Structure formats: structure tokens, C-alpha cells
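A short write-up of the structure that comes next.
The values are calculated or read from the model by the stated rules, or taken from the named source; none is laboratory data. This one's a predicted model, so the numbers in the text were calculated from it and none came from an experiment. Glycine also receives a Cβ, built like all others from the backbone with ideal geometry; neighbour counts cover every protein chain displayed.
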Amino acid sequence: MNEFTGVPARIPWVVGVTGASGVAYATSVLRGLLDAGESVDLVVSKAGRLTMLDELGFSIRDRNWREDVAAWLERDVSDVAYWSATDFAAGPSSGSYRMRGMIVVPATTAVVAGIATGMSKDLIQRAGDVVLKEGLKLVLVVREAPLRAAALEHMSSLAREGAVVMPASPAFYAGVKDVQDLVDFLAGRVLDQCGIEHDLYRRWQGNLRDAESDPEAS
Ligand SMILES: Cc1cc2nc3c(=O)[nH]c(=O)nc-3n(C[C@H](O)[C@H](O)[C@H](O)COP(=O)(O)O)c2cc1C
């Protein structure tokens with residue numbers, strides 16, 4: 001709450017979209033955040049624009065970001081702020097900027113390396129660095145296969161520092177039927193880490209539903 005205006009402070013989740021395969025995960029996480037009434041600060045890396053182009057058929061233009069993001073997410077984006085990945089003067093570059101935390105989705109092994117080693121080569125890497133140094137939540141949805149030793153070591157170092165390393169590795173339980181269910185399952189697990197309410201997947205209730213109805217399985 002602002003003590004002068006009485007207006008509640010805007011404290012966003014910073015969402016970094018980097019150039020790994022799996023833009024669909026970003027779509028589902030961003031929709032989940034907005035549907036839960038959360039504020040979002042969005043940053044898309046240079047390579048992220050390429051994967052977006054490849055996987056969605058369009059990308060986000062800095063000058064037309066509001067229109068492009070609204071068309072992408074099919075949501076009201078009035079509480080979304082957008083920062084260029086090259087803008088080191090952007091809010092999330094500073095520890096004094098109010099943020100709930102940061103989600104990098106999908107995360108490349110390059111951004112993982114950059115945050116782990118403190119490279120700050122672009123705003124996403126810098127914001128990741130800031131979020132960690134400030135002790136805020138950092139969730140990294142890493143997508144690469146196979147993983148070389150350096151990537152595993154970077155992830156291990158980030159986990160020791162308190163980051164949540166969340167491989168883009170959806171589970172097949174919870175009655176998933178199609179690719180969108182797999183995507184939403186992973187996105188829902190990301191939102192779980194951030195304490196955000198959602199109904200993106202069916203939670204495990206302790207019943208082996210299909211096995212119980214299959215006489216061959218007992
Ligand atoms: C179509 C496409 C798919 C890619 N998929 C991956 C991937 O799944 N994981 C990954 O770590 N890098 C992937 N890359 C490579 C990264 O985009 C590249 O390493 C880039 O430098 C990452 O920069 P960023 O972390 O700033 O986005 C892909 C690149 C392209 C063009």
C-alpha cells in the first residue's frame with residue numbers, strides 16, 4: 001500500500017521467456033498468473049523471439065508488445081509490464097524494484113549458466129541474479145536433452161542457492177489425455193512452487209484410478 005495515495009503497491013512476478021523449445025509452457029504459466037490476478041513483468045530474450053516464431057508462427061515486437069502479448073495470451077494485459085531484454089535500466093535490474101520473484105520458462109542452458117555464474121548478459125540473466133541475491137523465489141523451467149556436465153553443475157549450484165530447478169518434464173498421471181494437458185500439468189506445478197492458486201491439472205488423490213478398474217492389473 002502506498003502511504004500517500006492508499007493505492008496497493010504493484011508487486012509483479014517477473015517472467016523471462018528464453019530460447020528453449022516449449023513456448024507453450026510460458027503461455028500456460030502466464031495465463032495462470034493473470035487468471036489468478038497476479039501482476040506480470042514480461043521479458044523475452046533475443047533467442048526467445050526465434051523459438052516463439054518457430055513454435056507459434058509469430059513473435060513479440062518491442063514497439064507493439066501490448067497488442068502482440070494480448071493476441072498471444074488471449075487475456076487482458078492491462079496489468080502486464082514489458083521490458084526489452086537489452087534494457088539494463090529496466091525495473092527488474094535492481095534489487096530495490098518490488099518483485100514477488102521470477103519464473104524463467106522455458107529456460108535454456110545458456111540462461112542457467114548465465115544466472116549461475118552471474119554473467120548478467122541480458123535483462124533476464126540480470127533479473128535472475130537480482131532475485132537470488134535478494135532471497136526471492138526463482139523458478140527455472142529448464143529444457144534441454146541430453147544435459148552435459150556443465151549444465152548439471154550450473155543447476156546444482158543454483159539449487160544450492162535456493163532456486164527451484166524444474167525440468168520441463170511433465171508427468172503422465174492425473175488423467176492427462178493430450179499435449180495441452182501435459183503442458184498445463186507442468187505449468188500448474190510451476191505455479192504451485194510460487195503459491196499461486198490454479199486449476200490447471202487434477203491433483204493426485206491417492207487412487208490408482210485406472211489400475212483399480214482393470215482386473216488384469218490386480
Ligand atoms: C528453434 C530453437 C530451439 C532451441 N531449443 C533449445 C532448447 O530446447 N534448449 C536450450 O538450452 N537451447 C535451445 N536453443 C538454443 C538457444 O536458443 C541458444 O543457446 C541461445 O543462445 C539462448 O539464449 P537465451 O538464453 O538468451 O534465450 C534453441 C534455439 C532455437 C533457434
Region 26-45, residues that are of a type outside the set (S, T, N, Q) and either part of a helix (DSSP H, G or I) or within 16 Å of the ligand (Cβ to nearest atom) (or both): 26, 29, 30, 31, 32, 33, 34, 35, 42, 43, 44
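So that you can scan it fast, the table gives a plain yes or no per residue for (1) modelled with pLDDT of 95 or more; (2) among the small types (Gly, Ala, Ser); (3) in contact with a Ser or Thr (Cβ under 8 Å, 6 or more places away or on another chain); (4) more than 16 Å from the ligand (Cβ to nearest atom):
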{"site": "75", "(1), (2), (3), (4)": "yes, no, no, yes"}
{"site": "99", "(1), (2), (3), (4)": "yes, no, no, yes"}
{"site": "118", "(1), (2), (3), (4)": "yes, yes, no, no"}
{"site": "122", "(1), (2), (3), (4)": "yes, no, yes, no"}
Selected residue (only one of 130, 105, 112, 80 is within 9 Å of the ligand (Cβ to nearest atom), in contact with a strand residue (DSSP E or B) (Cβ under 9 Å, 6 or more places away or on another chain), on the phi < 0 side of the Ramachandran plot and of a type in the set (A, V, I, L, M, F, W, C)): 112
Within region 150-205, tally of residues that are surrounded by 13 or more Cβ atoms within 10 Å (Cβ to Cβ), assigned to a helix (DSSP H, G or I) and of a type in the set (Lys, Arg): 1
Among the candidates 60, 11, residue that is within 14 Å of the ligand (Cβ to nearest atom) and part of a loop (DSSP other than H, G, I, E, B): 60
Any chance residue 150 is within 11 Å of the ligand (Cβ to nearest atom) and touching a helix residue (DSSP H, G or I) at 6+ places or on another chain (Cβ under 8 Å): no
